[in-house]
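Each remark here refers to the structure printed beneath this line.
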Amino acid sequence: MTDLHLWIAILALAGVTVLTRGVFLLPRREPRLPGWLAAGLRHAPLAALMAVVVPEVLRGSGGAVVAPGWHDPRWLAVAVSVAWFCWRRGVTGPVVVGTATLLLLRGLGMAG
């Protein structure tokens, strides 16, 4: 591949990226979404967070997909996060409290 081909490929990829991501900036007003789609999109951040957190919690320390016992700091952090959510609602609080709990337990030497 020559330098010209490389630069053409880079510019083409940059153009496709700008086009696909920037098309939402072009309209002067926000597009109207159907009610069912707007309601579904409200849950997208929580679904993405769960897709990251659940496999990490369920994975054992050896990498096997086995639910570890309560001695694992991840389970205790999940319990604290759920308790916080039931008390205060919202998404940010449980993330912060669960992360702080996990860091504290690992800092105290709890393996997991």
*If you scan the stretch 75-112, which residues turn out to be assigned to a loop (DSSP other than H, G, I, E, B), within 22 Å of H43 (Cβ to Cβ) and open to solvent by less than 60 Å² (accessible area, probe 1.4 Å)?*
G90
*Which residue pairs have Cβ atoms closer than 9 Å, lie 6 or more positions apart in sequence or on different chains, and pair a first residue in the stretch 17-35 that is aliphatic (A, V, I, L, M) with a second residue that is open to solvent by 80 Å² or more (accessible area, probe 1.4 Å)?*
L33/L41
*asked:* I'd like to know if the stretch 24-32 contains one or more residues that are farther than 30 Å from V82 by Cβ and open to solvent by less than 90 Å² (accessible area, probe 1.4 Å).
replied: yes
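Can you report the number of residues in the stretch 1-18 which are surrounded by 10 or more Cβ atoms within 10 Å (Cβ to Cβ) and not β-branched (V, I, T)?
So the answer is 8.
The values are calculated or read from the model by the stated rules, or taken from the named source; none is laboratory data. Here the structure is a predicted model, which means the values were calculated and not measured. Counting neighbours? That spans all protein chains shown, and the Cβs are built from the backbone with ideal geometry, glycine included. Note: accessible area is taken over every heavy atom of the protein model, side chains too, but ligands, DNA and RNA are not part of it. Shrake-Rupley method; radii C 1.70, N 1.55, O 1.52, S 1.80 Å.
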